[in-house]
Amino acid sequence: MSARKEIQAVTGRIRERSRKSRETYLEQVDALASRGPHRSALSCSNLAHGFAACGTAEKADLSGDIKPNLGIITAYNDMLSAHAPYKDFPDLIKKTAREHGGVAQVAGGVPAMCDGVTQGQPAMELSLFSRDVIAMAASVGLSHNMFDAAVFLGICDKIVPGLFIAALTFGHVPAVFIPAGPMPSGLPNDEKARIRQLYAEGKVGRDELLKAESASYHSPGTCTFYGTANSNQMLMEVMGLHLPGASFINPGTPLRDALTAEAARRALSITALGNEFLPSGRVIDERSIVNAVAGLHATGGSTNHTLHLVAMARAAGIVLTLEDMAELSDAVPLLARVYPNGLADVNHFHAAGGMPFLIREMIHGGYLHEDAWTVMGQGLDAYTREPKLSGSELVFEPAPKESGNLKVLTTADAPFSPNGGLKMLSGNLGTAVSKISAVKGDRHVIEAPAICFHDQYEIIDAFKAGKLDRDFVAVLRFQGPKANGMPELHKMTPPLGVLQDRGYKVALVTDGRMSGASGKIPSAIHVTPEAAESGMIAKIRDGDTVRLDAVNGTLDVLVEPAVLAKRRKARADLTANGTGFGRELFAGFRERVSRADTGASALL
């Protein structure tokens, strides 16, 4: 089924805008791909170093250009629950490669930091930049020119976008992404949020808070709420870089292992040595990027991807803008309700039909380019099927005809909302992003006096001191990429939630990030230009009326232009953000990083 005209119009605009950069990119991809298998380009000394650690049989296999070699890029570490399952994946991939006439080597490891661990801590200021570090680290691993295809093991917030950028930088090499899956459901997310709010009010202690958090994040696997990590998995599947239905299978299960093995087998089959050569730079095109944005809107996904998808697209020579994303949000309805956009977690979403059901419904509604390329070939039909085990055999069966839970996953004919809930705001404060899918309708427009802060802990302290019991807009500035790396700002959301529940009109305006857990507080995030670039947000004063209008897409400080023109911009002492916890090593990133609306990247 053809995509709707609104979807096609945005795609056409992106294609035309990207014509020159995309043509240049594809020329580079084709030039590298045309050289054929690349081990033949290595000298004997190069090649000997490349397989010195291998066994005799593998050395013989890699001496020629007959058997394909998979490069494994892994984000494994055993501290983080989402990445701990990857410990055993390389051995399974190597075993599968041997059984199917190939070889696999771990090409390199990349760092994987967890925003859940670093939330509100100094290290959070490295988080966004870690995406670029991951892209560079993966590129170092692949640069040895030993590999006919690459498989990428990564899950969380910056890891998958960084790996994607590396994969498209090596666009002449086929790429398959292999997920590890979410942990089983623990304490319900709404109960976790309730305990957090009670703690913010001083009604429960740290022991009870830690007990609740530990019951929620309790085993290997991805966190079960629908934040950036699980949005990543949705994106990889709707763009066709996962196997069909692979995203949300729990780790440590026979089906998970079967999918991992099948992903390795599929990667071997799409190299230039076979008849189905599918280099990643050709698989991913404008249709894929639009499908990714549409999937994000249909599921109420993470606002972090208004940064990541722009940067990811640029790695493929494609120029995506916030305007494109906002226009697609208006065209794509909300089909899934997963916390914080509902009470269910990703396991409930998967049980209701998951990605195969969602993709089928989006195709039915005309919200996807069904003819896009994937690692399975051209077309998304394969992605409307779900994986199952028939004995020990992996099979793919059609997605269920009906949702298993219409409160979690609905049809294109009966959406939860006519749009995806992601809004682009613009006005005299610049541009910003607002996610309203979890915000009640009577709070989509907030007009209230500003209270300005330069640190999220100032908001917490003011709340504890009883200074915020009123209508107000919290203006939290000097949190952009150039100021301090654009950390996520979740520590003050429980207090703001308490104030909103008390009946006050509360909103947040910031040049920082909030991510997929933005929740119920109306907010304007990623304000651009940021305060550190002398953006207008730096001219707001306490008491100024700020209007956040997510209905009409505006963000303004209601002060006469002549008065604003005469004002000096606020300054902040950012020296403390430059040292400690490795922050001094990222000074060059802060200097050269692009604006939030162009991906906040120091590379692209």
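The values are calculated or read from the model by the stated rules, or taken from the named source; none is laboratory data. Since we're looking at a predicted model, the values are computed, not measured. Reconstructed Cβ throughout: ideal geometry from the backbone, glycine too, with neighbour counts over all protein chains shown.
Quick one: in segment 68-82, which of the residues that are surrounded by fewer than 24 Cβ atoms within 10 Å (Cβ to Cβ) and in contact (Cβ under 8 Å) with a residue 60 or more places away in the chain is nearest to Met113 (Cα to Cα)?
Taking segment 68-82 and keeping what is surrounded by fewer than 24 Cβ atoms within 10 Å (Cβ to Cβ), we get 76-81.
When the remaining residues are screened for being in contact (Cβ under 8 Å) with a residue 60 or more places away in the chain, the result is 76, 80-81.
Values: Tyr76: 11, Leu80: 8, Ser81: 11 Å.
Per the stated criteria, the residue is Leu80.
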* Structure fact -> Filtering segment 315-359 for residues that are closer than 30 Å to Ser18 by Cβ, of a type in the set (S, T, N, Q) and not in a loop (DSSP other than H, G, I, E, B) leaves a count of 1
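I'd like the full set of residues that are in contact with a helix residue (DSSP H, G or I) (Cβ under 7 Å, 6 or more places away or on another chain) and surrounded by fewer than 23 Cβ atoms within 10 Å (Cβ to Cβ), limited to segment 97-112. Quick ask: steps written out before the conclusion?
At the first step, the residues of segment 97-112 found to be in contact with a helix residue (DSSP H, G or I) (Cβ under 7 Å, 6 or more places away or on another chain) are 97, 100, 102-104, 106-108, 110-112.
His100, Val106, Ala107, Gly108, Pro111 - these are the residues of segment 97-112 that are in contact with a helix residue (DSSP H, G or I) (Cβ under 7 Å, 6 or more places away or on another chain) and surrounded by fewer than 23 Cβ atoms within 10 Å (Cβ to Cβ).
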* Asked: Restricting the first residue to segment 546-565 and requiring it to be under 29 Å from Asp330 (Cβ atoms) and outside the structural domain of Ala448 (by TED's automatic domain parsing), which pairs with a second residue that is modelled with pLDDT of 95 or more and buried (at least 18 other Cβ atoms within 10 Å of the Cβ) meet a Cβ separation below 7 Å and a spacing of at least six or different chains?
  -> none
* **Sole residue being modelled with pLDDT of 95 or more, outside the structural domain of Glu370 (by TED's automatic domain parsing) and surrounded by fewer than 16 Cβ atoms within 10 Å (Cβ to Cβ), chosen from Gly430, Gly404** => Gly404
* **Test: residue in segment 133-146 that is in the same structural domain as Arg314 (by TED's automatic domain parsing), touching a His at 6+ places or on another chain (Cβ under 9 Å) and over 20 Å from Ala31 (Cα atoms)** => no
* Quick one: what pairs do we get from segment 254-283, first residue buried (at least 18 other Cβ atoms within 10 Å of the Cβ) and modelled with pLDDT under 95, second part of a loop (DSSP other than H, G, I, E, B) and of a type outside the set (D, E, K, R), C-beta under 6 Å, 6+ apart or different chains? -> Leu273/Pro68
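Quick check: is even one residue across segment 382-394 under 25 Å from Ala175 (Cβ atoms) and over 26 Å from the mean Cα position of the chain (by Cα)?
Going through segment 382-394, the residues under 25 Å from Ala175 (Cβ atoms) turn out to be 382-387, 394.
From what is left, the residues that are over 26 Å from the mean Cα position of the chain (by Cα) are 394.
Yes, because at least one residue in segment 382-394 is under 25 Å from Ala175 (Cβ atoms) and over 26 Å from the mean Cα position of the chain (by Cα).
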* Structure fact -> Scanning segment 426-474 for residues that are within 17 Å of Thr554 (Cα to Cα), part of a strand (DSSP E or B) and either without any contact (Cβ under 8 Å) to a residue 12 or more places away in the chain or β-branched (Val, Ile, Thr) (or both) gives Thr431, Val433, Val445, Ile446, Val473
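So is Gly377 closer than 27 Å to Gln8 by Cβ and in the same structural domain as Arg265 (by TED's automatic domain parsing) or not? Steps first, please.
Values: closer than 27 Å to Gln8 by Cβ: yes; in the same structural domain as Arg265 (by TED's automatic domain parsing): yes.
Yes, satisfied.
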* Breaking point among (1) modelled with pLDDT of 95 or more; (2) surrounded by fewer than 24 Cβ atoms within 10 Å (Cβ to Cβ), for Val332 -> (2)
* If you scan segment 534-546, which residues turn out to be among the charged types (D, E, K, R) and surrounded by fewer than 20 Cβ atoms within 10 Å (Cβ to Cβ)? -> Arg541, Asp542, Asp544
* **Residues being within 24 Å of Arg256 (Cβ to Cβ) and either assigned to a loop (DSSP other than H, G, I, E, B) or of a type in the set (Lys, Arg) (or both) - total across segment 179-221** => 14
* Asked: Out of curiosity, is Arg39 more than 24 Å from Pro220 (Cβ to Cβ) and either crowded, with 17+ Cβ neighbours inside 10 Å or not assigned by TED's automatic domain parsing to the domain that holds Thr384 (or both)?
  -> yes
* Structure fact -> When segment 555-579 is checked residue by residue, the ones that are surrounded by 11 or more Cβ atoms within 10 Å (Cβ to Cβ), modelled with pLDDT under 95 and assigned to a loop (DSSP other than H, G, I, E, B) are Arg567, Lys569, Ala570, Arg571, Ala572, Leu574, Thr579
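Using the structure shown, decide if Glu58 is modelled with pLDDT under 95 and assigned by TED's automatic domain parsing to the domain that holds Thr260. Full working, then the answer.
Numbers: modelled with pLDDT under 95: yes; assigned by TED's automatic domain parsing to the domain that holds Thr260: yes.
When the stated conditions are applied, Glu58 passes them.
When you scan segment 491-520, how many residues do you find that are in a loop (DSSP other than H, G, I, E, B), under 21 Å from the mean Cα position of the chain (by Cα) and farther than 21 Å from Arg592 by Cα?
Applying the first criterion (in a loop (DSSP other than H, G, I, E, B)) to segment 491-520 yields 491-492, 502-505, 511-512, 514, 518-520.
Adding the requirement that they be under 21 Å from the mean Cα position of the chain (by Cα) leaves 491, 511-512, 514, 518-520.
If we keep only those that are farther than 21 Å from Arg592 by Cα too, we end up with 491, 514, 518-520.
Final tally of qualifying residues: 5.
Where residues in segment 153-177 are part of a strand (DSSP E or B) and under 15 Å from the mean Cα position of the chain (by Cα), which of them is surrounded by the fewest Cβ atoms within 10 Å (Cβ to Cβ)? Full working, then the answer.
Our first condition is that a residue be part of a strand (DSSP E or B); within segment 153-177, this holds for 153, 175-177.
Still in the list and also under 15 Å from the mean Cα position of the chain (by Cα): 153, 177.
Numbers: Leu153: 27, Phe177: 30.
Here the residue is Leu153.
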* To do: Scan segment 104-125 for residues that are in a helix (DSSP H, G or I) and under 27 Å from Ala175 (Cα atoms) and report the count.
  => 1
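Restricting to segment 382-401, what's the tally of residues that are surrounded by fewer than 17 Cβ atoms within 10 Å (Cβ to Cβ) and among the acidic types (Asp, Glu)? Before you say what the answer is, go through the steps one by one.
Start the filter on segment 382-401 by keeping residues that are surrounded by fewer than 17 Cβ atoms within 10 Å (Cβ to Cβ), which leaves 388-393, 395, 397-398, 400-401.
Restricting the remaining residues to those that are among the acidic types (Asp, Glu) gives 393, 397.
Of the residues in segment 382-401, 2 are surrounded by fewer than 17 Cβ atoms within 10 Å (Cβ to Cβ) and among the acidic types (Asp, Glu).
Give me the residue from segment 222-273 that is of a type in the set (S, T, N, Q) and part of a helix (DSSP H, G or I) and, out of that set, farthest from Pro68 (Cα to Cα).
Narrowing segment 222-273 to residues of a type in the set (S, T, N, Q): 222, 224, 228, 230-233, 247, 250, 253, 260, 269, 271.
Of the ones still in play, those that are also part of a helix (DSSP H, G or I) are 228, 230-233, 260, 269.
Details: Thr228: 33, Asn230: 31, Ser231: 32, Asn232: 28, Gln233: 27, Thr260: 18, Ser269: 9 Å.
If we take residues in segment 222-273 being of a type in the set (S, T, N, Q) and part of a helix (DSSP H, G or I), then Thr228 is farthest from Pro68 (Cα to Cα).
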